[in-house]
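Please read the structure below before turning to the comments.
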Amino acid sequence: EVARLQALRAQQATATIAQATSTPSRGSESTTATAAAVLAEAEKHLGKPYVWGAKGPNSFDCSGFVQYVFGKVGINAPAPTYTQETLGSYVPKGQEQPGDLVFFGTPGNTHHVGIYVGNGQFIHASSAKNGVVISSLTSGYYNQYFIGGIHV
């Protein structure tokens, strides 16, 4: 049994290393093109309504918005937020790049997600009052609960 578990762990580590070496580095041409495609798709939905549990295309909740936008550019990002929080590599506060996911809450217990646009701003399905908007990471609520990002 111990040998089987060791073999399984070795196989998983090899798969993780292979995936990491085949993923474009941050700032590479393909990563930049993907981020531009994500942001272009996200901006098409500005002003659409927020509806809890909605996954588009006419209304969204926060994780449904991310799932829909990323899906349109060929990236699987299944809702809810706690699943999206595990999709890529962690990005500390202040090191976000356009196209990264940004999370709010506490690690492992996030309650909101958006897509980083640049210049301290992110696009997200905000609330029933505001719908899909661009907000600042430094505004009161978002600044208080912002925990960092994920590079997908």
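Just a few scattered comments:
- Distance between the C-alpha centres of region 60-133 and region 136-152: 10 Å, rounded to the whole angstrom.
- Model label zone, Gln97; criterion: amide N under 11 Å from point 7 Å along Cα-to-beta-carbon; scope region 127-152: 151-152
- Long-range HN-HN contacts of Gly131 with modeled amide H, under 5 Å: Tyr50, Ser126
- When each of the peptides 94-105, 36-47 is scored by the mean number of other C-beta atoms lying within 10 Å of its residues, the order from highest to lowest reads 94-105, 36-47.
- Cross-link pairs beyond the 21 Å C-alpha cut-off, checked among Lys55/Lys129; Lys72/Lys93; Lys72/Lys129; Lys93/Lys129: Lys72/Lys93; Lys72/Lys129; Lys93/Lys129
- Amide H contacts of Gly148: Phe103, each under 5 Å away and 5 or more positions distant or on a separate chain (H built 1.01 Å from N in the peptide plane; Pro and chain starts excluded).
Every read-out reported here was derived from the displayed coordinates using simple, explicitly stated rules and does not represent laboratory data. Just so it is clear, the structure is predicted and the values come from calculations on it, not from any experiment. Virtual Cβ from ideal backbone geometry, glycine too; neighbours counted across all protein chains shown.
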